[in-house]
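For reference, the structure discussed in these notes is given below.
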Amino acid sequence: MNEQTGLRHPVYGLLPAEVEGFDSLAELALDMRWSWNHAADEVWRKLDPVLWDLSHHPCDILQTVSREKILSVLADPAFREKIDALVRSKRQALEAPGWFQQEHPDSPLTSVAYFSMEFMLSEALPIYSGGLGNVAGDQLKAASDLGVPVVGVGLLYQQGYFRQVIDQAGAQQALYPYNDPGQLPITPLRQANGEWLRLEIALPAYSVWLRTWQVQVGRVKLYLMDSNDAANFPAHRGITSELYGGGSELRLKQELLLGIGGWRLLGALGIRPEVCHLNEGHAAFAVLERARTFMQETAQPFEVALAATRVGNLFTTHTAVPAGFDCFAPALIEQYLGAYAEKKLGITLHDLLAMGRQNPNDSSESFNMAYLAVRGSGAVNGVSRLHGEVSRHIFLPLFPHWPQNEIPVGHVTNGVHMPTWDSASADDLWTRACGKDRWLGTTETMERDIRSVSDATFWQFRIAASKSLVEYTRARLSRQLAASGASAEEVDAAKHLFDPNALTLGFARRFATYKRPNLLLHDPARLMRILANSERPVQLIIAGKAHPEDQAGQALIHEWINFIRQPENRPHIVFLSDYDMLLTENLVQGVDVWINTPRRPWEASGTSGMKVLVNGGINLSELDGWWAEAYTPEVGWALGDGLEHGDDPAWDAVEANALYELLEREVIPEFYNRDNGGIPRAWVKRMRESMARLTPRFSANRTVTEYTEQHYLPAAAACRLRIANNGTIGRQIADWHGRLDKKWAAIHFGEVKVETAGGQHAFEVLVRLDDLDVQSVRVELYADGVMGGAAVRQEMKRVRELAGAPGTYVYTAAVSAARPPGDYTARVVSHFDGAAIPLEDARILWQR
């Protein structure tokens, strides 16, 4: 399958494609690399400075400006040379070997398929909602920088996530403007004969046709699908209409198209990934389709295909509460997947439902997409150290009788793509200190290099950033007020709001009750005393959306709007509506302090605070998500005691008071305490520590490097091994499962003896395996960890078969006598070389 894309984009049909130089403009516009490499910004600004500042959307600019303007700028030799140089630089960068090619030249990894419900690449491609898309988009960009062979797979939404308007009553209104593909930086995927590559996905009683698209993200490609095909029934054209919209049935259809359709699209393109990375459970049906494809190629049954392929699947969970997982009624699964299970996978509906249930035999239990992802993957991870702990607790029911510390969920802490989120001046500062190629490889020297920047340089950089943010805030707020029908006086007043020299606090995120966006409003009078202090003024910028179905979240927005609209409060607080990527960029580049107040431990990671690091902003955050592992007193401020208190209004009051006190006693005095040169030395010291210690550590560069070395490379090697020879090892694993199914119940313990001498406990344990192969299990001695230490898990040695008792074996082990023998107990677990236990088989039998 060939990919023929570029010249068929609508941008060529509307503009002078025949004019020399136009193809170079289009090539730059259609590569999302412009969203983080800002060398071409001046090109788009020259074509239409107003539209560029409003939209940051090159394709839109190319289709909006007049033919005369295009011809005029292309006739300028200096402008042409600039464009040609940008194209040359882009092509050279894409052809040069990246970190991955240099560090892993003989790798078995040729392709990682990264599935996600949303991708945040730019405001020019509005197919994102928030954190999940942020992570997905930033990891694709970092993969491009590093040369990691990743392809993204997602959906193209006709309307995407909603756009927010605050009405005259202060309430959020949701709007859904249409995403015209002809104005987006995407190109249709075409077959070698020029025909649009379309996929037919069979649903009950009808088929859905999917159109396919490509987004160029530097070295990486993102493939998108949408159902707005003329061959579809009108209702089915709208399956991909909204991100996170509609009811349960629509969501199920979307996830079927993403998982099953996405894997088929890769096959149609001739892409055979060793690794399938599920960014949340939405795309978990891909593990079924991957197994089905293997079945088709090898004539193996489903259990063999799953055993062979699951080791190449990685599931990343972002959910901190069980209620956050997508669950579907059994009747819906039967309706949409019953025939697929029986005719395509060769399994019963009961077996399919069992993959998404805690209790396979509970016919009333819903089908949980996260459970399917766990049972179809070779590794599972959370997105921060704390979230890994939380996730082990969440998934504990899937591994009965296993200690929580052994639940097979690790963590790779999220990071953000720093070149996307840094300002032009921040980029210049870091380039002078660390070099222009600092994000193209590892980051060992960055902490040392950025420390060399002087206090005066740091502070001048921050003064300029504050000034830019105030100018942006004034312009955006005045447009926002004008659009909402505010008076001319209000619009004009917005143009003079805020002081570039005042301390600026930022709070922007999804408005949900667990994020406690109104913690600052706990004592409104005290908040206003803090903000309105004439000697040490503070200004607050707020932004965020609440899901259209989240009435409680919308009420929190309404409360803030009503408070801000009080005349005495207006000079000190603004709410900027329609929180999107462009607004986020401006906020994180300019605020002095980023505030985050989630209810621990419900913030799986959080990425908004990471974005201020590269720009010199400082975090004041709850000890949750990433900040729980990032915080030290030198780099910012912490809220909370590091413990969980649940949904407790009394504790909210305690933390609100602590937040006010931090602002009053530490944050504000440190910002305004200046030396004779006007520099707040303690503030700059904290800013330097935050930038130096945390920016490399919480970059997507580090995250993608960790995923590559800890997951992608081992998974690729293991997958190649398992699928070799028509899945021979997969067949062996399936047979092993079958033996355990039949014979596990016969296993039991006999006598246990302990002798203590020479500082050691010597354990001898009898285990009856009956006629089960001794290689199918492992006998261990186990003791819980003490004082936060690691648990003891020591394999016991099989020394002999008990005379006169066939199938009964003697196992021994010696451990330190520093702990009493009663701390230890023997256990039997399943075992197969190369299998992840308990992820691939959760059987366990305890001696006591």
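The values are calculated or read from the model by the stated rules, or taken from the named source; none is laboratory data. These numbers come from a predicted model, not from an experiment. Quick reminder, even Gly has a Cβ in these numbers, built from the backbone with ideal geometry, and neighbours come from all protein chains shown. Accessible surface areas use protein heavy atoms only, side chains included; no ligands, DNA or RNA. Shrake-Rupley method; radii C 1.70, N 1.55, O 1.52, S 1.80 Å.
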For the range 586-606, how many residues meet the condition of being under 16 Å from Asn619 (Cα atoms) and either open to solvent by 10 Å² or more (accessible area, probe 1.4 Å) or not in a helix (DSSP H, G or I) (or both)? 12
Can you tell me which residues in the range 553-572 are touching a residue at least 40 places away in the same chain (Cβ under 8 Å) and either open to solvent by less than 70 Å² (accessible area, probe 1.4 Å) or under 25 Å from the mean Cα position of the chain (by Cα) (or both)? Gly553, Gln554, Leu556, Ile557, His558, Trp560, Ile561, Phe563, Asn569, Pro571, His572
Scanning the range 62-114 for residues that are of a type in the set (Val, Ile, Thr) and open to solvent by 50 Å² or more (accessible area, probe 1.4 Å), which turns out modelled with the highest pLDDT? Thr110
Boolean, Ala745 is touching a Pro at 6+ places or on another chain (Cβ under 9 Å) and not in a strand (DSSP E or B): no
Just one of His417, His411 is under 20 Å from Ala39 (Cα atoms), in contact with a Leu (Cβ under 9 Å, 6 or more places away or on another chain) and of a type outside the set (Phe, Trp, Tyr); which is it? His417
Which condition number does Pro360 fail, the rest of (1) farther than 26 Å from Gly247 by Cα; (2) touching a His at 6+ places or on another chain (Cβ under 9 Å); (3) not charged (D, E, K, R) being met? (1)
Every residue in the range 320-337 that is open to solvent by 10 Å² or more (accessible area, probe 1.4 Å) and either in contact with a helix residue (DSSP H, G or I) (Cβ under 7 Å, 6 or more places away or on another chain) or modelled with pLDDT of 95 or more (or both), please. Ala320, Pro322, Phe325, Asp326, Cys327, Ala329, Pro330, Ala331, Leu332, Glu334, Gln335, Tyr336
Residues to consider are Gly617, Gly636, Gly609; find the one that is without any contact (Cβ under 8 Å) to a residue 24 or more places away in the chain, of a type outside the set (Phe, Trp, Tyr) and surrounded by 24 or more Cβ atoms within 10 Å (Cβ to Cβ). Gly609
Being open to solvent by 10 Å² or more (accessible area, probe 1.4 Å) and farther than 16 Å from Gln254 by Cβ is the filter here; which residues of the range 153-170 pass it? Arg163, Val165, Ile166, Asp167, Gln168, Ala169
Filter the range 665-682 for residues that are crowded, with 16+ Cβ neighbours inside 10 Å and in contact with a Lys or Arg (Cβ under 9 Å, 6 or more places away or on another chain); the one that is farthest from Leu527 (Cα to Cα) is Pro680
From the list Thr413, Thr420, which one is under 24 Å from Ala718 (Cβ atoms) and in contact with an Asp or Glu (Cβ under 7 Å, 6 or more places away or on another chain)? Thr413
For the range 607-632 the number of residues that are part of a helix (DSSP H, G or I) and among the β-branched types (Val, Ile, Thr) is 1
Selection from the range 121-139 of residues that are among the polar types (S, T, N, Q) and more than 20 Å from Phe315 (Cα to Cα): Ser122, Ser129
Counted residues, the range 110-130 - those being outside any strand (DSSP E or B) and over 19 Å from Arg33 (Cβ atoms): 6
Taking the range 242-257, which residues are under 22 Å from the mean Cα position of the chain (by Cα), more than 26 Å from Arg292 (Cα to Cα) and open to solvent by 20 Å² or more (accessible area, probe 1.4 Å)? Glu242, Tyr244
If you go through the range 58-73 one residue at a time, do you hit one that is closer than 30 Å to Val150 by Cα, part of a helix (DSSP H, G or I), acidic (Asp, Glu) and within 32 Å of the chain's Cα centre (by Cα)? yes
Identify, please: which residue in the range 798-841 is surrounded by 14 or more Cβ atoms within 10 Å (Cβ to Cβ) and acidic (Asp, Glu) and is, among those, farthest from Leu740 (Cα to Cα)? Asp823
Which residue pairs have Cβ atoms under 6 Å apart, sit 6 or more places apart or on different chains, and have a first residue in the range 728-744 that is within 17 Å of Gly834 (Cα to Cα) and a second that is open to solvent by 70 Å² or more (accessible area, probe 1.4 Å)? Ala734/Glu303
So is Lys467 basic (Lys, Arg) and either open to solvent by less than 30 Å² (accessible area, probe 1.4 Å) or under 27 Å from the mean Cα position of the chain (by Cα) (or both) or not? no
Over the range 125-145, the set of residues hydrophobic (A, V, I, L, M, F, W, C), out of contact with any Leu (no Cβ under 7 Å at 6 or more places or on another chain) and open to solvent by less than 10 Å² (accessible area, probe 1.4 Å) is Val135, Ala136, Ala142, Ala143
(1) at pLDDT below 95; (2) within 20 Å of Ala494 (Cα to Cα); (3) in contact with an Asp or Glu (Cβ under 8 Å, 6 or more places away or on another chain) all hold for Arg570 apart from (3)
Per the filter on the range 180-235, residues small (Gly, Ala, Ser) and in a strand (DSSP E or B) are Ala202, Ser207
Checking the condition among the hydroxyl-bearing types (Ser, Thr, Tyr) and open to solvent by 30 Å² or more (accessible area, probe 1.4 Å), which residue from Thr728, Thr708 passes? Thr728
Taking the range 495-531 and keeping residues open to solvent by less than 20 Å² (accessible area, probe 1.4 Å), part of a helix (DSSP H, G or I) and either among the polar types (S, T, N, Q) or without any contact (Cβ under 8 Å) to a residue 60 or more places away in the chain (or both) leaves Leu521, Leu531
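Scan the range 39-57 residue by residue and report those that are in a helix (DSSP H, G or I), buried (at least 19 other Cβ atoms within 10 Å of the Cβ) and touching a residue at least 40 places away in the same chain (Cβ under 8 Å).
Across the range 39-57, the qualifying residues are Ala40, Val43.
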Filter the range 258-274 for residues that are open to solvent by 20 Å² or more (accessible area, probe 1.4 Å) and acidic (Asp, Glu) and give the result. none
Just one of the numbered conditions (1) part of a helix (DSSP H, G or I); (2) touching a Leu at 6+ places or on another chain (Cβ under 9 Å) is not true of Ala552; which one? (2)
If the requirement is being closer than 30 Å to His711 by Cβ, open to solvent by 50 Å² or more (accessible area, probe 1.4 Å), in contact with a strand residue (DSSP E or B) (Cβ under 9 Å, 6 or more places away or on another chain) and modelled with pLDDT of 95 or more, which of these qualifies: Gln794, Gln775, Gln760, Gln847? Gln794
